[in-house]
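Participant: Have a look at this one before I ask anything.
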Amino acid sequence: MATTADNIFVNLPVKDLKKTMDFFSQVGFAFNAQFTDEKAACMVINENIYAMLLVEEFFQTFIKKEIADATRSTEVIVALSAKSREEVDQIADRALAAGGSFASEPVDHGFMYSRSFQDVDGHIWEIMYMDQSVIEQG
């Protein structure tokens, strides 16, 4: 029997919550005010996917390990799908204009295209588009 879930909440530690929220607002994401305060912000990716941006001190209360410094090491890549190649470029360009940094060269396999950036806390985000019609013909 497969395990299923209705929603996903990616929890990420952040140094400066306001700066991080300003960055992601400029990228185009909204926040759920009901689950946002001075310690955490609930960023809405879509109706079933959320990023919980937690101030490091608050994030630490949930774990026993040391918080990784995302500017020096990578524990996760948050990959999000886009509806088109143009949307990939729009999101990545907005992230870079908002103060994000370049993570890696764009990847173009014809049927799949992606771009990556680092947010203001160093977390890597990959925005990708995959042409499903090519996959279905496969």
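Participant: Grab the Cα-Cα distance for residue 37 and residue 77, subtract it from 0.36 nm times how many residues apart they are, and report the gain in nm with one decimal.
Facilitator: 11.9 nm
Participant: Considering Cα pairs under 8 angstrom that are at least six residues apart, work out the relative contact order of the chain and quote it in whole percent.
Facilitator: RCO, the chain: 23 percent.
Participant: Any idea how many Lys pairs in the chain come in under 29 angstrom at the alpha carbon, given 8 or more places apart or on separate chains?
Facilitator: 13
Participant: Per q in 0.19, 0.21 Å⁻¹, report the Debye log10 I(q)/I(0) for the stretch 8-137, using one uniform scatterer on each alpha carbon and no solvent.
Facilitator: These q points yield log10 I(q)/I(0) values of -1.09, -1.28.
Participant: Sorted by mean Cβ packing within 10 Å, highest first, what order do the peptides 38-49, 55-66, 18-29, 120-131 take?
Facilitator: 120-131, 18-29, 38-49, 55-66
Participant: Moving on. What residue among 79, 70, 95 has the largest mean-square fluctuation in a Gaussian network model of the chain, using Cα springs under 10 Å?
Facilitator: It is 79.
Participant: Same structure again: Short version: ³J(HN,Hα) in whole Hz for each residue of the stretch 70-81, in order, from phi by Karplus 6.51 cos²θ - 1.76 cosθ + 1.60 (θ = phi - 60°), x for Gly and Pro, what are they?
Facilitator: Coupling constants for the stretch 70-81: 5, 7, 10, 9, 10, 9, 8, 10, 8, 9, 10, 8 Hz.
Participant: Counting only residues 5 or more places away or on other chains, whose amide H sits under 5 Å from the amide H of residue 82 once H atoms are built in the peptide plane?
Facilitator: Here the answer is 128, 129, 130, since their amide H atoms fall under 5 Å of that of residue 82.
Participant: Taking only Cα atoms, what is the 0 to 90° angle, nearest 10, from helix 85-97's long axis to the longest principal axis of the chain?
Facilitator: With rounding to tens, the tilt is 30 degrees.
Participant: Further question: Less than 13 Å Cβ to Cβ from residue 75, Lys/Arg counted +1 and Asp/Glu -1: what total charge do the surrounding residues give?
Facilitator: Local net charge: -1.
Participant: I've got another one for you. Any idea what angle helix 17-27 forms with the longest principal axis of the chain, computed on alpha-carbon atoms, 0 to 90 degrees, nearest 10?
Facilitator: The angle comes out near 20 degrees.
Participant: Provide the per-residue ³J(HN,Hα) series for the stretch 2-12, in order, calculated from phi with Karplus coefficients 6.51, -1.76, 1.60 and θ = phi - 60°, each as a whole number of Hz, with x at glycine and proline positions.
Facilitator: Result, ordered by residue: 7, 7, 10, 9, 7, 9, 10, 10, 8, 9, 10 Hz.
Each reported figure results from applying straightforward, stated rules to the coordinates on display, with no laboratory input. Model, not experiment: these values are computed from the prediction. Glycine also receives a Cβ, built like all others from the backbone with ideal geometry; neighbour counts cover every protein chain displayed.
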